[in-house]
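The values are calculated or read from the model by the stated rules, or taken from the named source; none is laboratory data. Predicted, not measured: the structure shown is a model, and the values here were computed from it. FYI the Cβ positions are ideal-geometry reconstructions off the backbone, even for glycines, and counts take in every protein chain you see. Areas reflect the complete protein model, heavy atoms only, side chains present, ligands, DNA and RNA absent. Shrake-Rupley method; radii C 1.70, N 1.55, O 1.52, S 1.80 Å.
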Amino acid sequence: MKTRSRRIRLAKTIRLATAFILMAISGLIWTSFSLFLVAIEGEFHWSRAEISGAFSVFALTSALTAPAFGYALGRWDSRRLLGAASLVLGLALCGTTLVETPAAYWIVFGVIGGIGSHCTSSYAVFAVLAGRFRERPATAMAMADAGSSFATFLGLPLIHWIIVDAGWRAAYLFLGCTAALVGGALHLLVMDPVRRTPPSQQGSGPFSAKLPLALLLALAAAYFCGSAVYQGLITQQIALLDYYGVAESLAVWVVAAAGLLLFIWRLGSGYLCDLWGPGKVMTIAAIGIVTTFASIAIGATFSAPAALLVFPLAVGIAFGGQQVLLAATVRLMTHPTAFASILGICRLASGIGMAVGPLAAGYAYDSSGGYEIPLILFATMSVGHIVAYMTAASFGRKS
């Protein structure tokens, strides 16, 4: 009996470590875009809107295909599907080194990369973990999600060094090989399959959990607003700090340090979701939201770099744990076999937000010549994020 218990604990530890690595690859791909933005702008002299648009296409493609991919994960061999997606993502990142025009960048990185991005998407990894970790699912999801922030802490300086020393193409080759070889091997050889939907439910489609429409819309709005603000801020954070007078070298290390803080917060937020419930954790995130925009306002108004350096730290507390927090909320409201499908739908809303945020920031910057307008927009959407979550929580208690 003790031997069997040890084997179960070992298997869980291995799966958690694997999920951590997959989310680390995801975090490195998503958060390093702000470095590529500066490097590509310097070589090609494209506008920031054109470059940010590729990231928006990447996020939007990932979002639009998420409901179908989430539906498929619960019905077919999820390991093969995710392994194939790893290869597609790796080829797209490697292929980005050949682009010479914004249109090519949008297609290769944005469309093809977006299709392959499901291999390291949090909703796919969370769906796997939810079937194995049933007592403390939020803690398990948080431990995996912390991999993305850990990669920011260690990986962002590495990507910056590669770009400076060997060029942005070498950095994309590194990311592509990592996604294809490491990600593909982990999905095929280590990860569990997603818990499949019973045959009796297979005809009911992605909405088989039968969530009330108002609840689903409120969850989608919370995912959309939170993702739009977070991705809009982190894809521009180094450029934003540079705009307000913070040296790029200092900004990179502050953002990397923020990744370490985010790593700790993501671990703690999942545990707190299981201990207190997601609602109380959202209160902490709301304080982080206020601190984020207050630090930027103070730093910009009074030319105080020290205040500006609080921004990358606070934004992680504000939005960095939202994927786990919202997934934990969904987990409380839906049947485990429909978890992947519902998260796929929420991922659609989240991905649209990921696309809208960076694109809005880029166009607003190009048209106004500053970050004041996008910051006002993101502050307004942050309020919408909190209100939508409170609405979803209210509907969830009634249903």
For Gln323, which of the numbered conditions (1) within 22 Å of Leu261 (Cα to Cα); (2) buried (at least 22 other Cβ atoms within 10 Å of the Cβ); (3) at pLDDT 80 or above fails to hold?
(3)
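Residue check: is Thr329 at pLDDT 80 or above, part of a helix (DSSP H, G or I) and not acidic (Asp, Glu)? Give the derivation first.
Details: at pLDDT 80 or above: yes; part of a helix (DSSP H, G or I): yes; not acidic (Asp, Glu): yes.
Answer is yes for this residue.
Consider Ser382 carefully, then state whether it is in a helix (DSSP H, G or I), crowded, with 16+ Cβ neighbours inside 10 Å, of a type in the set (S, T, N, Q) and within 20 Å of the chain's Cα centre (by Cα).
Numbers: in a helix (DSSP H, G or I): yes; crowded, with 16+ Cβ neighbours inside 10 Å: yes; of a type in the set (S, T, N, Q): yes; within 20 Å of the chain's Cα centre (by Cα): yes.
Answer is yes for this residue.
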Residue pairs within 8 Å by beta carbon, gap of at least six or interchain, first lying in the stretch 247-262 and at positive phi, second crowded, with 21+ Cβ neighbours inside 10 Å and assigned to a helix (DSSP H, G or I), listed first then second, are none
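Condition check ((1) out of contact with any Ser or Thr (no Cβ under 7 Å at 6 or more places or on another chain); (2) open to solvent by 10 Å² or more (accessible area, probe 1.4 Å); (3) closer than 23 Å to Leu241 by Cβ) across all residues:
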{"site": "Leu348", "(1), (2), (3)": "yes, yes, no"}
{"site": "Gly353", "(1), (2), (3)": "no, no, yes"}
{"site": "Tyr363", "(1), (2), (3)": "yes, yes, yes"}
{"site": "Gly369", "(1), (2), (3)": "yes, yes, yes"}
{"site": "Glu372", "(1), (2), (3)": "yes, yes, yes"}
{"site": "Ile386", "(1), (2), (3)": "yes, yes, no"}
{"site": "Phe395", "(1), (2), (3)": "yes, yes, no"}
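Only one of Pro312, Pro358 is open to solvent by less than 10 Å² (accessible area, probe 1.4 Å), of a type outside the set (Ser, Thr, Tyr) and either outside any helix (DSSP H, G or I) or farther than 27 Å from Asp274 by Cα (or both); which?
Details: Pro312 fails: either outside any helix (DSSP H, G or I) or farther than 27 Å from Asp274 by Cα (or both).
The unique qualifying residue is Pro358.
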If you check every pair at least six apart or on different chains, which have Cβ atoms under 6 Å apart with a residue in the stretch 76-88 that is in contact (Cβ under 8 Å) with a residue 24 or more places away in the chain first and a residue that is open to solvent by less than 50 Å² (accessible area, probe 1.4 Å) and of a type in the set (Lys, Arg) second?
none
Which of the residues belonging to the stretch 132-147 are assigned to a helix (DSSP H, G or I), open to solvent by 10 Å² or more (accessible area, probe 1.4 Å) and within 23 Å of Gly83 (Cα to Cα)?
Arg132, Met143
Taking the stretch 58-91, which residues are out of contact with any Leu (no Cβ under 8 Å at 6 or more places or on another chain) and modelled with pLDDT under 85?
Ala59, Leu60, Ala68, Tyr71, Gly74, Arg75, Trp76, Asp77, Ser78
Just to be sure I understand the filter: pairs with C-beta atoms under 7 Å, separated by 6 or more residues or on different chains, first member in the stretch 222-244 and farther than 16 Å from Gln323 by Cβ, second member outside any helix (DSSP H, G or I) and of a type outside the set (Gly, Ala, Ser). Which pairs pass?
Leu240/Tyr371; Tyr243/Tyr371
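Just checking, which of Ile298, Ile317 is more than 27 Å from Ser121 (Cα to Cα) and free of Cβ contacts under 8 Å to residues at least 60 places away in the same chain? Don't jump to the end; show me each part of the working.
Details: Ile317 fails: more than 27 Å from Ser121 (Cα to Cα).
Of the residues listed, the single one that is more than 27 Å from Ser121 (Cα to Cα) and free of Cβ contacts under 8 Å to residues at least 60 places away in the same chain is Ile298.
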So, Gly232, is that one closer than 23 Å to Ala360 by Cα, open to solvent by 50 Å² or more (accessible area, probe 1.4 Å), at pLDDT below 90 and among the small types (Gly, Ala, Ser) or not?
no
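If I ask for residues that are of a type in the set (A, V, I, L, M, F, W, C), open to solvent by less than 40 Å² (accessible area, probe 1.4 Å) and over 17 Å from the mean Cα position of the chain (by Cα), which ones from the stretch 265-288 would you list? I'd like the intermediate steps shown before the answer.
Step one: filter the stretch 265-288 for residues of a type in the set (A, V, I, L, M, F, W, C), giving 265, 267, 272-273, 275-276, 281-282, 284-287.
With the extra rule that they be open to solvent by less than 40 Å² (accessible area, probe 1.4 Å), the set shrinks to 265, 272-273, 281-282, 285-286.
Matches in the stretch 265-288: Leu272, Cys273, Val281, Met282, Ala286.
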Restricting the stretch 153-212 to residues that are open to solvent by 20 Å² or more (accessible area, probe 1.4 Å), part of a loop (DSSP other than H, G, I, E, B) and under 19 Å from Ala24 (Cα atoms), the residue that is modelled with the lowest pLDDT
Asp192
